[in-house]
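Enquirer: One structure coming up, written as structure tokens, with questions to follow.
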Amino acid sequence: MLIDSHAHLEMAEFKRDLEEVIQRAKESGVGYIFTVGTEKKDWRRALEIALSHSSIYAILGVHPHNAKEIDEQTYPVLRELCRHEKVRAYGEIGLDFFRNLSPRDVQLKRFREQIMLAKELRLPIVVHDREAHQETLEVLKSEKAKECGGIIHCFSGDYRMATECIDMGFYISIPGSITFKNAIEFQEIVKRLPLDSLLLETDAPFLTPVPFRGKRNEPSYVRYTAQKVAELKKVSLEKVAHVTTENALRVYRLNRGSPSSMMDLP
Ligand SMILES: [Zn+2]
Ligand SMILES: [Zn+2]
């Protein structure tokens, strides 16, 4: 079994054929998918998808792109939605100093606030860091993110950053870009990191792995990422699947085979 620890099934890219996408994931051995609602318009949709599929869970929060949209209603709504047992983490939160869709000072402030909220909700956090490695590390340390732990998704930092995050109780999540020809540096880092600190993700519909690069990504493609990690670490695909699955179940606090609830939305 494989787990896609991070996808965006509520996005418009999946509107037409979501059920087929989920079916293909099942047929490819993807046991669980964690779908991430990154802004207000997507939270309920993400939770609804999770509620109507036993193999899907939700992660909710405000993406750094949307940090400037946070108002006085945001946290009360998230507080309510995140109490649902199908929500297994808080995120994705963090810093994106590449696109800068929200001002940097606003991103920093909202990142800190949301770490506090995640701790209050007793959820691990899913961290988005793009071209803000040093600042991300500083916030994680000063806000004592060790207390909630979580995942650095689509990891793009260096080896030293990875080990610092692992020391703080975080997992490093590997996206499909590990399969790209020019990902040499990233591949070298993954070779050196312990398998028991790694998760696999698609970040679908983005970051499609080879051989489908350029097309829409979907959870069934997480196997290409798994294959690449197996090749880099010179272990079997089964081993990568087994260990990364155990890691994901641990960080998201899921017991294998636990029945998922079909409760109504809060
Ligand atoms: Zn992200
Ligand atoms: Zn994402």
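Enquirer: Using only alpha carbon positions, build the gyration tensor of region 1-157, then give the equivalent ellipsoid semi-axes as the square roots of 5 times its eigenvalues, largest first, whole angstrom.
Expert: So the equivalent ellipsoid measures 26, 16, 15 Å along its semi-axes.
Enquirer: Could you state the principal axis extents of the C-alpha atoms in region 106-212, from the largest down, to the nearest angstrom?
Expert: On the principal axes, region 106-212 reaches 41, 28, 23 Å in Cα extent.
Enquirer: Can I ask one more? Enumerate by residue number the trypsin sites (Lys or Arg not before Pro) in region 123-217 meeting two conditions: DSSP loop (anything except H, G, I, E, B), and at most 16 other Cβ atoms within 10 Å of the site's Cβ. Provide the component values of the computation, followed by the final result.
Expert: Working: sites: 130, 141, 144, 146, 160, 181, 191, 192, 213, 215, 216; in loops: 144, 181, 213, 215, 216.
Passing sites in region 123-217 are 144, 181, 213, 215, 216.
Enquirer: Calculate, for the chain, the solvent-accessible area per residue in square angstrom, rolling a 1.4 angstrom probe over the heavy atoms of the protein chains.
Expert: Computed with neighbouring chains in place, this is 44 Å² per residue.
Enquirer: If you take the alpha carbon radius of gyration of the chain and divide it by 2.2 N^0.38 Å, what ratio comes out, to two decimals?
Expert: Taking N as the residue count of the chain, the ratio is 0.92.
Enquirer: Top mean-square fluctuation among 149, 94, 31, Gaussian network model of the chain, C-alpha springs under 10 Å?
Expert: 31
Enquirer: Using the Karplus equation 6.51 cos²θ - 1.76 cosθ + 1.60 (θ = phi - 60°), what ³J(HN,Hα) coupling, rounded to whole Hz, does each residue of region 205-219 give in order, writing x for Gly and Pro?
Expert: Each residue of region 205-219 in turn: x, 9, 6, 5, x, 4, x, 10, 3, x, 8, 5, 7, 8, x Hz.
Enquirer: Where the accessible area of the chain is counted over protein heavy atoms with a 1.4 Å probe, how much of it, in %, is carbon and sulfur?
Expert: Values: 5920 of 11730 Å².
Carbon with sulfur: 50 percent of the solvent-accessible area.
The values are calculated or read from the model by the stated rules, or taken from the named source; none is laboratory data. Keep in mind the model is a prediction, meaning the values are calculated, not measured. Methodologically, a virtual Cβ is constructed for each residue, glycine included, from the backbone with ideal geometry; neighbour enumeration extends over all protein chains shown. For accessibility, only protein heavy atoms count, side chains too; no ligands or nucleic acids. Shrake-Rupley method; radii C 1.70, N 1.55, O 1.52, S 1.80 Å.
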